[in-house]
Structure formats: C-alpha cells, structure tokens
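Presented below is the structure to which this report refers.
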Amino acid sequence: MNSIVHSPWMGFAQVVLGLVGTWLLAFGLKSVRQARGFDTADPAPRAWRFWAGLVVLTAAALPSLVAPLVVEATPPRQTIGPSVAEVFALRSKCAELGEKILAGNSVGNALTQSQVSRYDPIANRCYVELDTHMADLDRFDEYNARTVFDGQTAELLARIQNQKGKQTAFLKGGPHDYEAALQRVEALMSDDRK
C-alpha cells in the first residue's frame, strides 16, 4: 500500500497550481524582459512573478515526480494467525466441540472411549480424536480404535482399528493403508505446543 493518498482533489489542485504557475511565469517573463530593456511598455521590473511562477509550477509537478520514487512506508500486511488470547479461546471452543462429539458417539458396555481435542492455529481447524477400546484393559488387544473428526463439521477424517489382530484403516475418501492412516492420525493430532 502506497503511503501517498491519491484523491480526485489532488489532481484538481495540480491543475489549478499549474495554471496559476503558468500565468505567473508568463507575466514574470514579460517583467524580466522589461527589466532588461527588451520591452519598455511597463518600466517597473517585476521579476518576482517569474520566480513565483517557477516555484508554483514545481509545486504542481512535485507529486507526480515524487510518487514513483516513494518507498512503501508500511510493508503489505501478511496473513498473521490469531493472537494468543484468540488461540486460547479457540482451543477452549475446540475442547467443547470434542465433548459434544464424544457425547454423540455412544458405545456399548464392553467398550469405553475418551476424546482429545487439538486446535491447529495454522490450519485454523479443530481436530477431535476418539480413542475407543475394551473397558476391560486385560482384553485391550481384542478391540481398539482411534478416530479423528473435524471438530467444526464432525466429518470423519481418519480411523484406524485393531480388532483381534485384524487392522483396518479409513481416510477421508475411503478405505486406506493402515500405516498411511496411522501417520495421518498422528499428524493431525500432534501437539504443536512443546
């Protein structure tokens, strides 16, 4: 953004200054000629008109001459993420969304689940992971699953599941390779706060 503000009045002012400067310059040249004896109709030398006209014309032309040389006073605003206070509020809202997703996902008595939410300030997204597994931890290997949702839309983004040794995976769009889905779950839920 340029530091010089251009308005319609600026152009009008330049035209007026130019006309006044031209008038002063013309009568100033006549006065200079008269003072040097070239034109004796008006014997009083008024050379100041010449110099005043020159100054006014220069003033009229100055904005046009300087504008291309003006260095940007302020750099263009770059996309900056939310402030610390905004991130705190967004993380709190993300946690609320995670609780809402957890409450809406019922499981039977044999299973238990917990949720972890993560707000990503770079992507400006809330991710919610539901960790579902057997309520009896001695039987954990019989069933466990990690499911990641978009907290704002409740859309399923990734899911990995291990049921009695059989591993299945889902990424947004359909079934997928288990390792790729595991990496996606880890990437979405990795905490940027170290």
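Per-structure values
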{"item": "Amide proton proximity set for residue 125, modelled H, under 5 Å, gap of 5+", "result": "120"}
{"item": "122, 160, 101 arranged by Cβ crowding within 10 Å, fewest neighbours leading", "result": "122, 101, 160"}
{"item": "Where trypsin sites (Lys or Arg not before Pro) fall in DSSP loop in the range 90-167, at most 10 other Cβ within 10 Å", "result": "164"}
{"item": "Efficiency of FRET from Cβ geometry, residue 182 and residue 138, R₀ 30 Å, rounded to 0.05", "result": "0.80"}
{"item": "Virtual spin-label span in nm between residue 153 and residue 110, 7 Å along Cα→Cβ", "result": "3.4 nm"}
{"item": "Cβ-placed point charges (K, R +1; D, E -1), dipole of the range 113-194 about Cα centre in debye, nearest 20", "result": "160 debye"}
{"item": "Leading residue at positive end of dipole, the range 84-189 (Cβ point charges), from 137, 90, 173", "result": "173"}
{"item": "Sorted by Cβ density within 10 Å, fewest first, the residues 153, 147", "result": "153, 147"}
{"item": "GluC sites (Glu not before Pro) within the range 131-194: DSSP coil, no more than 16 neighbouring Cβ in 10 Å", "result": "155"}
{"item": "Anisotropy class of the range 101-194 from Cα gyration tensor, a/c 1.5 cut", "result": "prolate"}
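Readers should treat all values here as calculations from the given coordinates under stated rules, not as data from a laboratory. These numbers come from a predicted model, not from an experiment. With ideal geometry, Cβ positions are generated from the backbone for all residues, glycine too; neighbour counts draw on all protein chains shown.
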